[in-house]
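Enquirer: Okay, handing you the structure first.
The values are calculated or read from the model by the stated rules, or taken from the named source; none is laboratory data. Computed from a predicted structure; not experimentally measured. All Cβ positions, even for glycine, are placed from backbone atoms using ideal geometry, and neighbour counts span all protein chains on display. Accessible surface areas use protein heavy atoms only, side chains included; no ligands, DNA or RNA. Shrake-Rupley method; radii C 1.70, N 1.55, O 1.52, S 1.80 Å.
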Amino acid sequence: MTIDPQYQLADVDSRLFGSFIEHLGRAVYGGIYDPGHPSADELGFRRDVLALVRDLQVPIVRYPGGNFVSGYRWEDGVGPIESRPAQLDLAWRSLEPNRIGLNEFVEWSKRAGAEVMMAVNLGTRGIEEAKQMVEYCNHPGGSYWSDLRRSHGHVDAHRIKVWCLGNEMDGPWQIGHKTADEYGRTAVEAAKLMKWVDPTIELVACGSSNSQMPTFPEWERIVLEHTYDHVEYISMHSYYGNRHNDLPSYLAQSLDMDHFIRSVIAACDYVKAKKRSRKTMSISFDEWNVWFHSNDADKQVEPWQVGPPLLEDVYTFEDALVVGCLLITLLRHADRVKIACLAQLVNVIAPIMTENGGASWKQTIYYPFLHASRYGRGTVMHTALQSPKYDCKEFTDVPYVESVAVWNQEAGELTIFAVNRDQHEHALFECNVRGFAGASVIEHTVLAHPDLKVVNTKEHPEEVAPTQLQGAAVDAGVLSVQLPKLSWNVIRLRV
Ligand code: AHR
């Protein structure tokens, strides 16, 4: 690989390391909120979970859904808790007690050091309710909805900046599913009203739920033809899994993500050209992760419970490698992908697991996300990488080594993230960094394990954890480092 200070791709928007909390399963009830827990603060938020979230330095958290939002009445979750109604959540067939609502979540986010990315319901509701919600959250006071917020004890406006115009509206499973034209029309009218209330907000229009949707990418074209001038982002969602236990194909799933991003960029730029617009649409990849382990178990869960154990994927070491490749791919598209949300954050397909009333621990995927969030801020570099390649069932020309470099000029650091997909051999990774005079290795952190299916549990929370490797060195402007077989690597250089 070659990295040169002159060849810079884009500055990383820190919101690339966002995440997601939905009213789903034990994300809220039993996850972030557990008033009976020994570590609970005065609002019932678990301090141990907050500490783990703060460690990840998550800058923005999407809320309250997800599929949940398409049936949600946000007004049910504000005001005195004792008079809030319990509602049936049809998306996840659960009971929503509304003990946590938007004001509590804003408070939780402050404690977590994150901004809120708020979604409005464009499934069962429409432009009026979307407008009212922005007024409740962001208008200083003197109007009905802003004064209602003040009467609920929140004198200062929440100033929520990023808003999602619904969720996965292309999906037949969605409450209030729409055609692209129906959604595009509603989204643009909602956008107008929301921005008339608060012109400082940024809006995300729903893109396709995944690249396999029969309406992809026509959905993007039509939705953007309606909304292009009124929104800042189009959303992308994608989940991956190893359903056929085919490791070479599973490790290559990031090629699918890469192709999907390129296709959405093409659709955006087509609409840009058609509209003779000077504006370039950005991407909010606001749901991405591995999700497949819990699919069967979820079918057995009794409906209409508060906080049932849904989507509780227990992640293996190989999942962490895939998450590492997906993070590298997102960074490599930092010029267009400005927001991304690891879906989700606690208990529900999450890096953080909890036991109701008990322990909390880090899943395997916690670590690549932690490293990328901590060391992936700065400028993504154009890198010329030559790697041997392999073919597998689902892909051809899969590079054995996947990598990206981020230069943090302020900190004087250059960080290289790399995954070695090779099952049998370590890789000797050589990188020309001559342009960075005096570059030296700070550390080489590795996530590796002989058992691909190993997981972290309450009993063995540190089974998969990063270690430091010695041996990486820069000599005559060339970094040489061994990447162990099947490993996630973070090589930090002082530059
Ligand atoms: O993140 C879980 C679910 O996945 C979300 O609710 C939905 O938007 C997507 O299908």
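Enquirer: Just wondering, is there one or more residues in the stretch 139-152 that are open to solvent by less than 10 Å² (accessible area, probe 1.4 Å) and either closer than 18 Å to Asp286 by Cβ or of a type in the set (D, E, K, R) (or both)?
Expert: Here is the first cut: in the stretch 139-152, the ones open to solvent by less than 10 Å² (accessible area, probe 1.4 Å) are 146, 149.
Checking which are either closer than 18 Å to Asp286 by Cβ or of a type in the set (D, E, K, R) (or both) leaves us with 149.
Looking through the stretch 139-152, at least one residue is open to solvent by less than 10 Å² (accessible area, probe 1.4 Å) and either closer than 18 Å to Asp286 by Cβ or of a type in the set (D, E, K, R) (or both).
Enquirer: Additional query: Return the pairs, sorted by first residue and then second, in which the second residue is open to solvent by 10 Å² or more (accessible area, probe 1.4 Å), the first residue lies in the stretch 175-190 and is on the phi > 0 side of the Ramachandran plot, the beta carbons are less than 9 Å apart, and the residues are 6+ apart or on different chains.
Expert: Gly176/Gly71; Gly176/Asn121; Gly176/Gly123; Gly176/Thr124; Gly176/Arg125
Enquirer: Can you tell me which residue in the stretch 294-317 is farthest from the ligand (Cβ to nearest atom), limited to those that are more than 15 Å from Ser94 (Cβ to Cβ) and in contact with a Ser or Thr (Cβ under 8 Å, 6 or more places away or on another chain)?
Expert: Among those that are more than 15 Å from Ser94 (Cβ to Cβ) and in contact with a Ser or Thr (Cβ under 8 Å, 6 or more places away or on another chain), it is Phe317.
Enquirer: Further question on the same structure: Given the conditions (1) more than 16 Å from the ligand (Cβ to nearest atom); (2) open to solvent by less than 10 Å² (accessible area, probe 1.4 Å); (3) farther than 19 Å from Lys195 by Cβ; (4) touching a helix residue (DSSP H, G or I) at 6+ places or on another chain (Cβ under 6 Å), which single one is not true for Met169?
Expert: (1)
Enquirer: State yes or no: is Ser294 of a type in the set (S, T, N, Q) and either closer than 18 Å to Trp488 by Cα or out of contact with any Cys (no Cβ under 9 Å at 6 or more places or on another chain) (or both)? Step through it out loud before you land on a result.
Expert: Values: of a type in the set (S, T, N, Q): yes; either closer than 18 Å to Trp488 by Cα or out of contact with any Cys (no Cβ under 9 Å at 6 or more places or on another chain) (or both): yes.
When the stated conditions are applied, Ser294 passes them.
Enquirer: Mind listing just one residue for me: the one in the stretch 208-231 that is open to solvent by less than 50 Å² (accessible area, probe 1.4 Å) and in a loop (DSSP other than H, G, I, E, B) and, of those, nearest to the ligand (Cβ to nearest atom)?
Expert: Going residue by residue through the stretch 208-231, those that are open to solvent by less than 50 Å² (accessible area, probe 1.4 Å) are 208-211, 213, 216, 219-220, 222-224, 227-228, 231.
Retained after the next criterion (residues that are in a loop (DSSP other than H, G, I, E, B)): 208-211, 213, 216, 228, 231.
On the way: Ser208: 11, Ser209: 6, Asn210: 8, Ser211: 14, Met213: 11, Phe216: 14, Tyr228: 23, Val231: 18 Å.
Ranking the qualifying residues of the stretch 208-231, first place goes to Ser209.
Enquirer: Continuing with the same structure: Tell me which of these Met236 doesn't satisfy, since it passes every other one: (1) touching a residue at least 12 places away in the same chain (Cβ under 8 Å); (2) part of a helix (DSSP H, G or I); (3) among the hydrophobic types (A, V, I, L, M, F, W, C).
Expert: Result: Met236 passes all but (2).
Enquirer: Find the strands (runs of 3 or more DSSP E) located wholly in the stretch 278-375 whose residues include 1 or more that are surrounded by 24 or more Cβ atoms within 10 Å (Cβ to Cβ) and under 13 Å from the mean Cα position of the chain (by Cα), and list them. Working first, answer last.
Expert: Working: elements: 282-290, 337-342, 352-354, 360-362.
Ranges flagged: 282-290, 337-342.
Enquirer: Here's a check for you: in the stretch 455-495, which residue that is of a type in the set (A, V, I, L, M, F, W, C) and part of a loop (DSSP other than H, G, I, E, B) is surrounded by the most Cβ atoms within 10 Å (Cβ to Cβ)?
Expert: Ranking the candidates gives Val464 first.
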